[in-house]
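The values are calculated or read from the model by the stated rules, or taken from the named source; none is laboratory data. Small disclaimer: the values here were computed from a predicted structure and weren't measured. Note that we place each Cβ from the backbone using ideal geometry, even for glycine, and neighbour counts take in every protein chain shown. For accessibility, only protein heavy atoms count, side chains too; no ligands or nucleic acids. Shrake-Rupley method; radii C 1.70, N 1.55, O 1.52, S 1.80 Å.
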Amino acid sequence: MRFDLTDLRLFLAVVDAGSMTHGAAEVGFSLPAASERLRDMEAIGKVKLLERGRRGVRPTPAGEALAHHARLILRQMAEMRGELSEHASGLRATVRLAANTAALTEFLPQRLGAWMAAHPRIDVDLKERQSIEVARAVAGDLVEIGILSGAVDTGGLYLRPFAVDRLVVVIPRDHALAASRRLAFADILDRHFVGLADGALQVHIDAQAQRLGLRLKMRLRMRTFEGICHLVAAGVGLGIMPETAARRGGRSAGTAYVRLADDWATRRLSVCVRPEKELTPAARGLFEHLGSVGSH
């Protein structure tokens, strides 16, 4: 079976995403090109690797066997590149990192800055994902380091504390709710909102509303927390975002914020990896840095 590394990366991305579309995008393929490549893999191996259904794709028993060996091969390739990078003069290294929205927007820029400046030959391939997707990506060797909330299953991964992320309700300063100490999510679902255009955090918030059998009354979606704050200040609707973003945005937009009382709104973020011996030297160095900062 003449599978190359690109075949294996594509196959693992599709298996872990449970979707041809998302898996293809993960490794930079168009959907038609990915579909053709996967069909060729099945034809070459003379075995069906994926079951395709209305709800996505899942591996057959043969596909599960291939996924297992593909992970081993790609892990060994990463280790080989890491060891060679220690001896090759001027060779650049890349660390693959996946993080949820709060970590990516509120904590990582500051924490990555000094480390990357001190390691000019190391680049970071940073992806935004929901916490459950971060755990799967680390376990499946799609990324080397993940930053996620403690609300997901992280069995088999090694974790260190990273930060505490608190979600708050952003409101105009003269709003009646501004006098509240805390607000329950269920008590504000009858109001209108301004949210994020996309991203893992907005998916997480929308999912909490769905758990209550409701949908957010979304008037507008913006790409930045600052944009949300300005619209909230104008009276368009309420916003939900990390406390750090609300504090920063409130200074320019003139908004206030109140903490959400729900358990899911206070998230302890952790930095996670597979067992440390499997990390490349560059990834190990970044993990040590992020984990040491978070433990203080």
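I'd like to check something: does region 224-246 contain any residue that is without any contact (Cβ under 8 Å) to a residue 40 or more places away in the chain, in contact with a strand residue (DSSP E or B) (Cβ under 8 Å, 6 or more places away or on another chain), among the charged types (D, E, K, R) and open to solvent by 20 Å² or more (accessible area, probe 1.4 Å)? No, because not a single residue in region 224-246 is without any contact (Cβ under 8 Å) to a residue 40 or more places away in the chain, in contact with a strand residue (DSSP E or B) (Cβ under 8 Å, 6 or more places away or on another chain), among the charged types (D, E, K, R) and open to solvent by 20 Å² or more (accessible area, probe 1.4 Å). Pairs are defined by a Cβ separation below 8 Å, a sequence spacing of at least 6 or placement on different chains, a first member in region 138-164 that is in contact (Cβ under 8 Å) with a residue 40 or more places away in the chain and at positive phi, and a second member that is hydroxyl-bearing (Ser, Thr, Tyr) and not in a loop (DSSP other than H, G, I, E, B); no pair meets this definition.
Of all residues being open to solvent by 10 Å² or more (accessible area, probe 1.4 Å), small (Gly, Ala, Ser) and assigned to a helix (DSSP H, G or I) in region 1-44, which is nearest to residue 125 (Cα to Cα)? Just the residue, please. Among those that are open to solvent by 10 Å² or more (accessible area, probe 1.4 Å), small (Gly, Ala, Ser) and assigned to a helix (DSSP H, G or I), it is 25.
Just checking, does region 56-66 include any residue being hydroxyl-bearing (Ser, Thr, Tyr), assigned to a helix (DSSP H, G or I) and within 25 Å of residue 132 (Cβ to Cβ)? No, that holds for no residue.
Only a single criterion out of (1) of a type in the set (Val, Ile, Thr); (2) under 26 Å from residue 196 (Cβ atoms); (3) open to solvent by 50 Å² or more (accessible area, probe 1.4 Å) is not satisfied by residue 134, namely (3). Screening residue 76 on (1) more than 25 Å from the chain's Cα centre (by Cα); (2) modelled with pLDDT under 90 shows it passes everything except condition (1).
So for region 153-166 (the condition being surrounded by 18 or more Cβ atoms within 10 Å (Cβ to Cβ), modelled with pLDDT under 90 and not in a strand (DSSP E or B)), does at least one residue qualify? Looking through region 153-166, at least one residue is surrounded by 18 or more Cβ atoms within 10 Å (Cβ to Cβ), modelled with pLDDT under 90 and not in a strand (DSSP E or B). Scanning region 89-129 for residues that are touching a helix residue (DSSP H, G or I) at 6+ places or on another chain (Cβ under 8 Å), more than 18 Å from residue 144 (Cα to Cα) and surrounded by fewer than 18 Cβ atoms within 10 Å (Cβ to Cβ) returns a single hit, 91.
Would you point out the residue of region 48-66, among those that are of a type in the set (A, V, I, L, M, F, W, C) and farther than 12 Å from residue 3 by Cβ, that is farthest from the chain's Cα centre (by Cα)? Taking the candidates together, the pick is 62. Hey, could you check region 116-141 for residues that are closer than 15 Å to residue 93 by Cβ and part of a strand (DSSP E or B) and say which is nearest to the chain's Cα centre (by Cα)? Among those residues, the one meeting the criterion is 126. Of the helices (runs of 4 or more DSSP H) lying entirely inside region 190-296, those containing at least 1 residues that are more than 28 Å from residue 157 (Cα to Cα) and among the small types (Gly, Ala, Ser) span 200-211, 225-233, 243-253.
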